[in-house]
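The values are calculated or read from the model by the stated rules, or taken from the named source; none is laboratory data. Here the structure is a predicted model, which means the values were calculated and not measured. Glycine also receives a Cβ, built like all others from the backbone with ideal geometry; neighbour counts cover every protein chain displayed.
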Amino acid sequence: MSANTPPSAPPGAPPTSAKSARPIRHATERTLDALLLKGRVASLSYRLGGLGRVRVTRYSVALGAGKALPRPLKIGFASDFHAGPTTHPGLFDDLRLALEAERPDLLLLGGDYVSFDAAYIAALGGFLGGAHAPLGTYAVIGNHDIWNGRAPVEAALREAGIGVLVNRGARLAAPFAHVSVCGIDDPWTGAPDVDAAFADAGDIKLFLTHSPDGVVLLGGRGYDAAFAGHTHGGQIAAPGGRPLFRPSGPASGKYNYGRYDIPGNGPLFVSCGVGCAGIPLRLNADPELLICTLSDPSASPDIVF
């Protein structure tokens with residue numbers, strides 16, 4: 001075991017990144033932290049509506065032929081919280097209220113829980129402590145979590161009763177035991193292992209990846225619905241949602257926000273995320289709770305906004 005690998009890390013997990021290994025980024029983050037007055041700028045932005053308002057976006061998916069569910073499966077997905085000086089904690093309270101109103105059967109979390117320092121995971125404690133769903137809550141890790149120290153982030157998730165899927169899958173409880181959530185490590189800053197994530201998966205597979213770039217790593221692996229964040233929908237977008245900024249990556253720039261029907265596979269849903277990276281501002285890219293309902297092939301696959 002590497003000296004940088006936490007004892008609680010699952011088999012195959014990559015070493016935890018140390019800030020000392022990335023001094024330029026660390027110095028930049030310390031400067032931004034100071035300029036943002038330890039969150040006071042984000043607090044003002046939140047009060048003025050600059051962080052946007054949490055909205056619920058709804059989709060529905062009819063499964064392929066030969067696949068069945070005892071009843072429709074309602075899935076909640078949220079990503080990119082960025083707890084720290086760029087995101088006011090009030091957004092997490094707003095998200096919790098939306099989640100309580102929606103009451104999904106299953107909750108998935110898409111990574112990037114912190115910005116600048118893993119210690120900021122404490123600001124998410126109230127949300128994580130209440131982020132429970134009848135069939136479980138499962139999470140993957142994002143690039144910001146790895147940059148800032150994944151061990152305390154993963155520990156906080158597990159302490160809240162959330163299953164951390166670092167290159168592993170989890171089957172849901174009966175009567176959905178044939179449904180698996182397959183989660184990989186961050187596609188570029190982690191050590192993703194698709195084979196391990198899909199090992200022993202059930203007939204119906206939900207693919208969970210921080211970045212849309214996870215779909216290019218599948219190597220022919222099939223899924224019924226995939227969920228990703230990372231892009232923030234641009235975070236700052238033109239009216240109508242066209243992002244002014246797109247992240248790099250073979251899929252992240254292409255699949256920036258919304259539903260994408262991937263040829264030869266299931267749909268990919270890319271969320272706007274919740275918090276802010278870099279600066280405490282969202283424009284035409286409001287924070288989002290995504291709700292996706294899976295049902296039998298006889299159901300309509302229409303999207304509902």
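Brief remarks on what is shown
- Against the list (1) closer than 21 Å to Ala122 by Cβ; (2) touching a strand residue (DSSP E or B) at 6+ places or on another chain (Cβ under 6 Å), the condition His132 fails is (2).
- Within region 57-77, the set of residues being among the small types (Gly, Ala, Ser) and within 17 Å of Val270 (Cβ to Cβ) comprises Ser60, Gly76.
- Being surrounded by fewer than 16 Cβ atoms within 10 Å (Cβ to Cβ), among the acidic types (Asp, Glu) and either touching a strand residue (DSSP E or B) at 6+ places or on another chain (Cβ under 7 Å) or over 20 Å from Ser180 (Cβ atoms) (or both) holds for only one residue in Asp117, Asp93, and it is Asp93.
- Where a residue in region 216-244 is without any contact (Cβ under 8 Å) to a residue 40 or more places away in the chain and under 25 Å from Ser60 (Cβ atoms) and its partner, wherever it lies, is outside any strand (DSSP E or B) and among the aromatic types (Phe, Trp, Tyr), with Cβ under 6 Å and at least six apart: Arg221/Phe198
- Checked against the criterion of being modelled with pLDDT under 95 and either of a type in the set (D, E, K, R) or surrounded by 15 or more Cβ atoms within 10 Å (Cβ to Cβ) (or both), region 220-231 has at least one qualifying residue.
- You will find that of Ala226, Ala251, Ala277, the residue that is in a strand (DSSP E or B) and of a type in the set (Gly, Ala, Ser) is Ala226 and no other.
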